[in-house]
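All of the numbers you see were taken from the coordinates with simple rules; none came from a lab. This is a predicted model, so every value here is computed, not measured. Here the Cβ positions follow ideal geometry from the backbone for every residue, glycine too, while neighbour counts run over all protein chains shown.
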Amino acid sequence: MTTDESRLAESLEQLSDVAAEAGLDPAAARDEGLRVAAALAESVPGAAPAWAEVAHPGLTDVARINEAFFDAASSGRRWRGAPTDLLDALVASRHTLAAEYAEALTEVASSAVMLGTAPIWVIANASAASGAYLAAARLPSAGLPGLPGGPLGGSPGMGSGSPDTMRPNVPGPIDPRLLELVRPGSPAPQGDPAGVPAPGATATSAPTDPPTEPEKPAEPEKSVEELLAELDTMIGLERVKKEIHRQVALLSVEKMRTHAGLKAPKMSRHLIFVGNPGTGKTTVARLVGGIYKALGLLPTGQLVEVDRSELVAGYVGQTAMKTAEVCAKATGGVLFIDEAYALTGDQYAEEAVNTLVKEMEDHREDLVVIVAGYPDPMVRFIAQNPGLASRFTTTIEFDDYSDDELLAILDSIAGGSDYELTTEARTRVRHILQATPRTSAFGNGRFSRNLFEQAVGRHAWRLKDATEPTRDDLRLLTADDVTDQPDAPDDQLTDELTDESDDKPTDEPAGAPAEPTSQAPGGPEATPEDPAAVRADPDGPAGTDEAVSNEHDEHDKQDDTSATEHEDTA
């Protein structure tokens, strides 16, 4: 285990210790910390195997590592800008360890971005997350601990702060009824410091009125035709488009028959989305909510996206309350449960599913539930409860994108940012797509976005010394810019330094053999500490298993909840 991995392990241990002192489940706190770390390190090249060393020691299968990492990242993205569930519970109960737990989370955030060479925007995201944690506990935010300099450094370490606010005593477990203070319906939104009492404040303290913000103009409502046209413009997804059009036709005729005084069979509006990651499931779910609202079947049509962690609580008896609160938040619109197959196999999941079935029955007229996940696990999920099988009668399959569709997605992303791929670059992309295995962990549309982001990085590096680049120089991505290797700028720098050293005179005799700089994998020089031994040439085949692992890690990235940035583009 490397130093950075050891640091993450230590920060998770600190988090678990604080949770144990506060009467929380240490295992739940560790799991929460791992999700935070994965969500923040999602865009850090090579972070997945480093994260897995801590989360799943001994796991070596690349596909399983990627699946575990991105599953954790997906469920933790909502905590990039809001306090975690356990921190919410501590703050709501006015627990004296809430501040210490918030600081422990900032240590996890700091450790996460050091699992690899993090881009500046990743560090900024981690700093924003730390600020949200500290704000929830009403602590001053000075950035990420352990990252010196500027606005990102100088945060106090673990255990700092006033003794009166940090640890005057250690009370018992949290009263579950206090969780209501941070749930929907409380005076301030979850994670808003204005609605969180300060440590030591009494229950009768008068809340401070938040400053009034100017109201944003409401977006004009779209018609069914406009929403369907938006669906039709999405790249690929032919089977999905056909099924959504069929559902709209059924529901429209049902509504017309009712208005005409005729009997109309009640059609189930709940849906199952099956498919691999990055195939546009969240985007289509949002359009379905808008279509149902335009048809008059839902009053608001909002999309509430959750996963297991937002439905299942840490104690027996709390899960039903937590699931009911999520359903109440989604009432009037669509509840989208991603990776719904995780709600199987234990009593907590069973309690969540039973509550979900009851809420679907109680709100059959104003709540639509869409469950999504991989095909085979979703079959087992539906089969576990007869109430699910009778309510989810329509399954929509999201196929993987073809090479042509992925290239079209890449062109769309590039065009939206005023870039354009040259003919040679498009040929290189096709070669990369043909060489990429389409496993269940393949990112589909996210793979195209990752290719674009890497190309932009290499393009910027290529023009770093240009004094007067032309407009075409600034907008055209060439074949040299396109790669699926995450370390392209480092490789280019190494090549430049090597070229410079080749031009320098040496003291060696003219006939002296050149000393090799690296050996084949397995040789004495091919150690994990030697970057030259494990980094593959960005334009050639991967030379080692680690390079292949890094390549797969980069392929399998996933982007933010409300983020779904790629899926909206697709």
### Query
Structure shown: which of LYS222/LYS255; LYS241/LYS322; LYS263/LYS329; LYS329/LYS358; LYS222/LYS322; LYS266/LYS293 lie over 26 Å apart, alpha-carbon to alpha-carbon?
LYS241/LYS322; LYS263/LYS329; LYS222/LYS322
### Query
Under unit Cβ charges (Lys, Arg +1; Asp, Glu -1), what dipole magnitude, rounded to 20 debye, does the stretch 224-399 have relative to its Cα centre?
600 debye
### Message
For LEU250, LEU227, which order do you get if you count the other beta carbons within 10 Å of each Cβ and list the fewest first?
### Response
LEU250, LEU227
### Task
Run the quick spin-label model on ALA63 and GLU10: label points 7 Å from Cα toward the beta carbon, then report their separation in nm to one decimal.
3.8 nm
### Task
Let me know the shape class of the stretch 357-428, please: from the alpha-carbon gyration tensor, a ≥ b ≥ c as square roots of the eigenvalues, rounded when a/c is under 1.5, otherwise prolate if a/b is greater than b/c, or oblate.
prolate
### Query
the stretch 224-399: percent of C-alpha pairs farther apart than 26 Å?
27 percent
